[in-house]
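Step one of this worksheet: look at the structure below.
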Amino acid sequence: YLLTSEQQRCAMGLGVALEVGKSAEDIVASAGGFLVQVLPFAGEETIKALEENIADLGSVTERLADGMRPGEMAAALMKGDVLSGGEDEQLAQFSLEPSYGPCETDTLKPRMEKMIRALGRKEADAIVEEVGSIEVRCDFCMKTLEFTKSDV
């Protein structure tokens with residue numbers, strides 16, 4: 001669904017570990033999984049390594065039954081060349097906290113300038129006249145840059 005309908009390259013694994021025999025019904029001991037989305041700038045080397053890590057992880061249900069925690073599952077999925085090597089070397093910073101990129105100012109500012117140009121000269125000038133500047137926020141990294149009349 002994600003690839004076909006949303007055009008997002010993703011991998012998803014879900015599992016439920018049950019405790020059997022405690023009563024007439026099975027009881028859920030643990031449930032969990034992962035969703036990994038491949039971002040547009042990921043190289044083929046990274047994608048191949050990720051696919052290998054997913055295969056190595058095996059059954060999510062079995063990992064949950066073995067007591068694997070979410071951080072351990074994430075580390076197993078992101079090991080090796082997923083986070084290092086090749087053209088993705090500069091992106092190789094793993095954390096369970098979300099991080100975003102590539103949003104360095106030298107790449108972010110030209111993209112924002114292009115968005116302002118897409119408004120058209122008349123609209124951009126009207127905004128600067130009314131507000132004094134145009135602020136553009138990147139929803140990816142949450143950086144905000146201000147463009148004054150001289151920038152526009």
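For the range 8-61, how many residues meet the condition of being more than 14 Å from the chain's Cα centre (by Cα) and among the hydrophobic types (A, V, I, L, M, F, W, C)?
Counting residues in the range 8-61 that are more than 14 Å from the chain's Cα centre (by Cα) and among the hydrophobic types (A, V, I, L, M, F, W, C) gives 15.
Of the residues in the range 22-35, how many are farther than 13 Å from Gly67 by Cα and modelled with pLDDT under 90?
7
When you go through Gly58, Gly33, Gly43 one by one, which is the residue that is of a type outside the set (Asp, Glu) and either open to solvent by 90 Å² or more (accessible area, probe 1.4 Å) or under 13 Å from Ala11 (Cβ atoms) (or both)?
None of the other options fit; the residue is Gly33.
The values are calculated or read from the model by the stated rules, or taken from the named source; none is laboratory data. In this text the structure is predicted, and so the values were computed from the model without any measurement. Heads up, the Cβs are rebuilt from the backbone with ideal geometry, glycines too, and the neighbour counts pull from every protein chain shown. Heads up: the accessible areas ignore ligands, DNA and RNA and are worked out on the full protein's heavy atoms, side chains in. Shrake-Rupley method; radii C 1.70, N 1.55, O 1.52, S 1.80 Å.
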